[in-house]
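Here's the structure we're looking at; comments come further down.
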Amino acid sequence: MPRSPSVAAVLTMLCSRSIGRYRFHVAEGPVLPRSTARRFEWVEISLDGKVAVVTGAGPNIGSGIALALARYGAKVACNDIDPAAAQATVARVERNGGTAIAIPGDVTDEKVVTGYLDEVVETWGQIDIVVNNAALLGGKGILDESIEFFTDAVRVAALGNFLNTKHAGRHMAERGIRGSIVAISSSNGWSGSAGVIAYAFHKGGVNNFVRAAAMDLAPYGIRVNSFTPTAPTPDNPELIAERGPGGVLDNVRARGIGGTTGDEEWRRPARWAGSRPPFVPMGTTGTPTDIGHCVAWLCSDYARLITGCDLVVDGGARAKNFAYLPAPAGDLAGPAPVIPLERTGELDRQAW
Ligand SMILES: NC(=O)c1ccc[n+]([C@@H]2O[C@H](COP(=O)([O-])OP(=O)(O)OC[C@H]3O[C@@H](n4cnc5c(N)ncnc54)[C@H](O)[C@@H]3O)[C@@H](O)[C@H]2O)c1
């Protein structure tokens, strides 16, 4: 079993420079005298010994999070309603030296949820981390959405978060496990986009679910946080092979995520259809690898007092004032180089 990677605490991450692959040190700093250097101890973060459950561990963000948790040392149980998707993520984790099992099933079915959580406990003895990632993306705007899709999308978000947090939370509370539960939100949970009314509704719900669950579980030392990715560029080699490179930002749809909204005379465009300026201050919203690193840190004991919060990885997109347009990508320095999680060498690609 290869050694799990390590990172330093989030402040360190924010102002750090990578030295080697996974070791971080605040600033470059002066060269230390030999005696000082020998005494210096790196701050390392590891999820070694922890057991994680990731729901909706399909090929994009869920797979990236599962891979990250495994690379930081956790054993990872990969859920998805599509058994093949769960199995593909297990294979990706194993290919990269980690330990994983597939726990396929529908996150909205209580018997199924308790069944796969029990299976994880039977296999590895405990659950320390849950990432509620399963969701139905897409949909339509308020004028066109169907009751069927709206209900399904809200159901997956609501019951997926509720049932997994409830039963994993009970497991942790009963055994004195000071675990970490993360709900994957979206920029659409914090501000409005045209064309995704169901998604906006349930992601907004996720954000306050997290705060309330954090209050319920704080007495047990269990933390509940949301995590907000924003249109990351896929970096799973299998997904790129299947769909080609690029993400949502490279394939902007004029009429809104989810497809057309009709072409009747009275329709007005939901979105700007021309070429677009870069809306992201750092020039990129990153990849599932960027998300994975930060979720792993949030699930580590270094984040022991972070609960009821949201961690956002979006290159500054949410912080931006509506009236300000960042400079063109070519004029920006861009972020520091990405620290890859794929060890296969298939893809050490960065979005920037
Ligand atoms: N892709 C983006 O641009 C983006 C941006 C912000 C937030 N997010 C959020 O990140 C998370 C992952 O998004 P993604 O882009 O990887 O989407 P995705 O559609 O690739 O993955 C979601 C997975 O959830 C699974 N799923 C759906 N219903 C389920 C159910 N009832 N039970 C179990 N599994 C179920 C799907 O099969 C799928 O594999 C979601 O919560 C999404 O809302 C995505």
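Read the figures in this text as sums done on the coordinates, not as results from a lab. If you're wondering where the values come from, they're calculated on a predicted model, not measured in any experiment. Here the Cβ positions follow ideal geometry from the backbone for every residue, glycine too, while neighbour counts run over all protein chains shown.
Here are the numbers for the structure shown:
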| read-out | value |
| --- | --- |
| Size-normalised alpha-carbon gyration radius of segment 46-331, reference 2.2 N^0.38 Å | 1.00 |
| Peptide ranges 44-55, 174-185, 146-157 listed from the most packed, as the mean C-beta count within 10 angstrom indicates | 44-55, 174-185, 146-157 |
| Whichever lysines have a C-alpha closer than 22 Å to that of LYS166, once near sequence neighbours (fewer than 8 apart) are set aside | LYS50, LYS75, LYS111, LYS203 |
| When segment 132-189 is reduced to its Cα atoms, the Kirkwood hydrodynamic radius in Å | 13.1 |
| Three principal axis lengths of segment 129-261 [C-alpha, angstrom, descending] | 49, 36, 23 |
